[in-house]
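Student: Following this message is one structure expressed as structure tokens.
The values are calculated or read from the model by the stated rules, or taken from the named source; none is laboratory data. This is a predicted model, so every value here is computed, not measured. Methodologically, a virtual Cβ is constructed for each residue, glycine included, from the backbone with ideal geometry; neighbour enumeration extends over all protein chains shown. Note: areas computed on protein heavy atoms with side chains; ligands, DNA, RNA excluded. Shrake-Rupley method; radii C 1.70, N 1.55, O 1.52, S 1.80 Å.
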Amino acid sequence: MNILVINGPNLNLLGIREPEIYGRGTYDELCALIRREAEALGAEPEFFQSNHEGALVDAIQSAYGRMDGIILNPGAYTHTSVALLDAVKAVGVPTVEVHLSDPDTREPFRRISYVRAACVATVKGRGFQGYLDALRLLCRGGFSRGR
Ligand code: CA2
């Protein structure tokens, strides 16, 4: 299983501020945790982080025909980006939406997720563990490709 792990804006700053919301672990520690779990599951993770919407679209497109699953935390673009929704739909690669916090219990503007409609599952409010949950879900399989 080749799994692309995509993190959106500001998630490179993990561990630096707002630990009460996002935890104390850094982005590098998150990647190391996922890498370890992937190894145990026999999966091959690839990591991508960007603060730029278009770069995230490019990363999602790069999964086409190459990746078996995507773990996607679009950060704030979750609540604004039809472009990310369209990209996930277009590539047809099973994608799990992940959030460290639970956006549904925060400010009202975080309650809309555009990408959710194209994702096979959403994991939220579980901190770093949520990425491992998503990895296990994708490795368990049973998701059909969109096209
Ligand atoms: O809970 C999540 O994972 C979010 O996707 C995180 C986004 C937020 O806009 C979404 O509503 C929910 C923000 C990530 C910001 O990350 C920071 C990391 C360290 C310090 C400050 C922000």
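Student: Filter segment 62-83 for residues that are within 16 Å of the ligand (Cβ to nearest atom) and in contact (Cβ under 8 Å) with a residue 40 or more places away in the chain and give the result. Explain how you work it out, then say what you get.
Tutor: Initially, segment 62-83 is screened for residues within 16 Å of the ligand (Cβ to nearest atom), giving 70-81.
Scanning segment 62-83 gives ILE70, ILE71, LEU72, ASN73, PRO74, GLY75, ALA76, TYR77, THR78.
Student: Of all residues in segment 98-114 being within 9 Å of the ligand (Cβ to nearest atom) and not in a loop (DSSP other than H, G, I, E, B), which is surrounded by the most Cβ atoms within 10 Å (Cβ to Cβ)?
Tutor: VAL98
Student: Something else now. With respect to SER144, is the statement that it is of a type in the set (S, T, N, Q) and either modelled with pLDDT of 95 or more or part of a helix (DSSP H, G or I) (or both) true? Write out each step before concluding.
Tutor: Details: of a type in the set (S, T, N, Q): yes; either modelled with pLDDT of 95 or more or part of a helix (DSSP H, G or I) (or both): no.
No; evaluated as a whole, the condition is false for this residue.
Student: In segment 79-97, what count of residues is obtained for those that are in a helix (DSSP H, G or I) and either under 13 Å from the mean Cα position of the chain (by Cα) or under 20 Å from LEU30 (Cβ atoms) (or both)?
Tutor: Narrowing segment 79-97 to residues in a helix (DSSP H, G or I): 79, 82-91.
This time we only want the ones that are either under 13 Å from the mean Cα position of the chain (by Cα) or under 20 Å from LEU30 (Cβ atoms) (or both), so: 84-85, 88.
Summing the residues that are in a helix (DSSP H, G or I) and either under 13 Å from the mean Cα position of the chain (by Cα) or under 20 Å from LEU30 (Cβ atoms) (or both) in segment 79-97 gives 3.
Student: Right, something else. Filter segment 127-142 for residues that are touching a residue at least 24 places away in the same chain (Cβ under 8 Å) and open to solvent by 70 Å² or more (accessible area, probe 1.4 Å) and give the result.
Tutor: The answer is ARG136, and nothing else.
Residue by residue, here is whether (1) open to solvent by 50 Å² or more (accessible area, probe 1.4 Å); (2) modelled with pLDDT under 95; (3) touching a Ser or Thr at 6+ places or on another chain (Cβ under 9 Å) holds:
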residue	(1), (2), (3)
GLU29	yes, no, no
PRO45	no, no, no
ILE60	no, no, yes
ARG66	yes, no, no
LEU84	no, no, yes
